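The values are calculated or read from the model by the stated rules, or taken from the named source; none is laboratory data. Since we're looking at a predicted model, the values are computed, not measured. Methodologically, a virtual Cβ is constructed for each residue, glycine included, from the backbone with ideal geometry; neighbour enumeration extends over all protein chains shown. SASA here: full protein model, heavy atoms, side chains in, ligands and nucleic acids out. Shrake-Rupley method; radii C 1.70, N 1.55, O 1.52, S 1.80 Å.
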Amino acid sequence: MAMKYKFYYILLGFMVMTAMSSCIKDQLYILPEDDPDYFDPFEWKHSSLTVRTIWDEGVTPVPHGIMLNEDWTELNTGTEITFKGLPAQTYSVYAYNTPPGIKVEQGKATVTAMPDGTLNPYPELFYLSPVVETNVVRGTPSEVSLPMIQWLHELKFTFNMWPGDEKLIESIVGKLGGVVPSLDMNEKIPTGETTSINLTLAPTTVTYHGSDPDLQNQEVPAYTVTVRVFDIQPTTNTTLDLELSTTDGQTITISTLVEKVIPEPISTTYPISPESPVPSPTIPMDIDIDIFIKDMVNGSFNGTIVNWNDVENGVIHIR
């Protein structure tokens, strides 16, 4: 009889242990990392972040890259990338391109220099998004959109001439001072010691809307040049200089303070921000200057223009 009860107790104990082990197994399988048939432990402990760059209507996206914390990933095509296997934490993310004529390093975008030391007068467009802080949560895919903002101002200088003056001119070159070389990519403000860019002007014809009443709405000869800058900051010693080579071998030099042409920094007059971006495709700001030179050539004029008043042996206006 004793053996019978002993067997009964052994059987009962075995059944209880089996039941308990079954319950423990069921509980453990609630945790994903303990069920490899249905869950990837790596994916469960990490997550993904999809980054999209948003471009203005009419703008063709250019090759650009994504900065995720301190890691840079180039996007040669497309406007979307997904980062997988990210640990759950807060990420800082922004996007920008590295176009010809712009060098990016140490948080600054800088216009590259020409062989003579002046800045590139016409770099390709530079796009930079705001910095976005985003939380990546374990096991939950995240998304972020970055608006791409263009940060270079485009200026079109037009030098109007009196009809017939164009026959006296062989070529016109110049130099513009007060140009700010860099953009602080964190603060989004122009920065750096001002320098200059060289100007090579091309002949054209324009409809006149300057200050001379006799030429209003007429087609007049002109010379133009378009430049791109992060900013121009006029000071008391920065100048706009022109050198006119005439068909008879003379050289006429004209110089004026930049503040007479651009009274305030461009970044002050036309600030750029996510709320007020530069129109894209870029619309140049027009700067028209009257430069009537026939009498200058006849008198071999060579001097400095002050306040753009009429000067002896020549007529120069600005509007």
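Just to verify a result, which residue in segment 248-259, among those that are of a type outside the set (S, T, N, Q) and over 13 Å from Ile291 (Cβ atoms), is least open to solvent (accessible area, probe 1.4 Å)?
Applying the first criterion (of a type outside the set (S, T, N, Q)) to segment 248-259 yields 248-249, 252, 254, 257-259.
Those left that are additionally over 13 Å from Ile291 (Cβ atoms): 248-249, 257-259.
Working: Asp248: 96, Gly249: 65, Leu257: 53, Val258: 1, Glu259: 64 Å².
Here the residue is Val258.
In this structure, does Val111 turn out to be more than 21 Å from Pro190 (Cα to Cα) and surrounded by 19 or more Cβ atoms within 10 Å (Cβ to Cβ)? Reasoning before the result, please.
Numbers: more than 21 Å from Pro190 (Cα to Cα): no; surrounded by 19 or more Cβ atoms within 10 Å (Cβ to Cβ): yes.
Criteria not met by Val111.
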Handout entry: Looking only at segment 178-204, and only at residues there that are more than 14 Å from the chain's Cα centre (by Cα) and in a loop (DSSP other than H, G, I, E, B), the one that is farthest from Ile254 (Cα to Cα)
Key = Gly192
Completion exercise
Phe230 vs (1) at pLDDT 85 or above; (2) open to solvent by 30 Å² or more (accessible area, probe 1.4 Å); (3) among the aromatic types (Phe, Trp, Tyr): all pass except (2)
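Kindly indicate whether any position in segment 87-96 is outside any strand (DSSP E or B), aliphatic (A, V, I, L, M) and modelled with pLDDT under 95.
First pass over segment 87-96, keeping only residues outside any strand (DSSP E or B): 88.
Right, trim to aliphatic (A, V, I, L, M) and you get 88.
Subset that is modelled with pLDDT under 95: 88.
Yes, segment 87-96 has at least one match.
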Handout entry: Hits in segment 139-177 (condition: among the aliphatic types (A, V, I, L, M) and not in a strand (DSSP E or B))
Key = Met148, Leu152, Met161, Leu168
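For segment 29-49, does any single residue satisfy the condition of being at pLDDT below 95, closer than 30 Å to Val227 by Cα and open to solvent by 70 Å² or more (accessible area, probe 1.4 Å)?
Looking only at segment 29-49, we keep the residues that are at pLDDT below 95, and these are 29-48.
Okay, now just the ones that are also closer than 30 Å to Val227 by Cα, so none.
So far as segment 29-49 goes, no, none of its residues is at pLDDT below 95, closer than 30 Å to Val227 by Cα and open to solvent by 70 Å² or more (accessible area, probe 1.4 Å).
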Exercise for the section: Name every residue in segment 159-193 that is within 23 Å of Asp286 (Cα to Cα) and surrounded by fewer than 18 Cβ atoms within 10 Å (Cβ to Cβ), in order of residue number. Expected result: Pro163, Glu166, Ser171, Val173, Lys175, Ile189
Practice task
State whether the residues of segment 143-160 include one that is modelled with pLDDT of 95 or more and among the hydroxyl-bearing types (Ser, Thr, Tyr).
Solution key: yes
Practice task
Looking only at segment 196-225, count how many residues are surrounded by 15 or more Cβ atoms within 10 Å (Cβ to Cβ) and more than 21 Å from Pro284 (Cβ to Cβ).
Solution key: 2
Exercise for the section: Can you tell me which residue within segment 282-308, out of those that are modelled with pLDDT of 60 or more and assigned to a loop (DSSP other than H, G, I, E, B), is surrounded by the most Cβ atoms within 10 Å (Cβ to Cβ)? Expected result: Ile293
Practice task
Looking only at segment 262-280, count how many residues are free of Cβ contacts under 8 Å to residues at least 60 places away in the same chain and either outside any loop (DSSP other than H, G, I, E, B) or of a type in the set (A, V, I, L, M) (or both).
Solution key: 3
Fill in the blank from the handout: The correct count of residues that are modelled with pLDDT of 90 or more and β-branched (Val, Ile, Thr) in segment 247-281 is 1
Exercise for the section: Collect the residues in segment 209-231 that are part of a strand (DSSP E or B) and free of Cβ contacts under 8 Å to residues at least 60 places away in the same chain, keeping them in residue-number order. Expected result: Glu219
Practice task
Please specify each residue of segment 45-65 satisfying the condition of being in a strand (DSSP E or B) and touching a residue at least 60 places away in the same chain (Cβ under 8 Å).
Solution key: His46, Ser47, Ser48, Leu49, Thr50, Val51, Arg52, Thr53, Ile54, His64
Handout entry: Candidate set: segment 54-96, residues that are of a type in the set (S, T, N, Q) and closer than 19 Å to Val137 by Cα; chosen: the one farthest from the chain's Cα centre (by Cα)
Key = Gln89
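Matching residues to (1) open to solvent by less than 30 Å² (accessible area, probe 1.4 Å); (2) in contact with a Leu (Cβ under 8 Å, 6 or more places away or on another chain); (3) not polar (S, T, N, Q):
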| residue | (1), (2), (3) |
| --- | --- |
| Val62 | no, yes, yes |
| Thr73 | no, no, no |
| Gly117 | no, no, yes |
| Glu133 | no, no, yes |
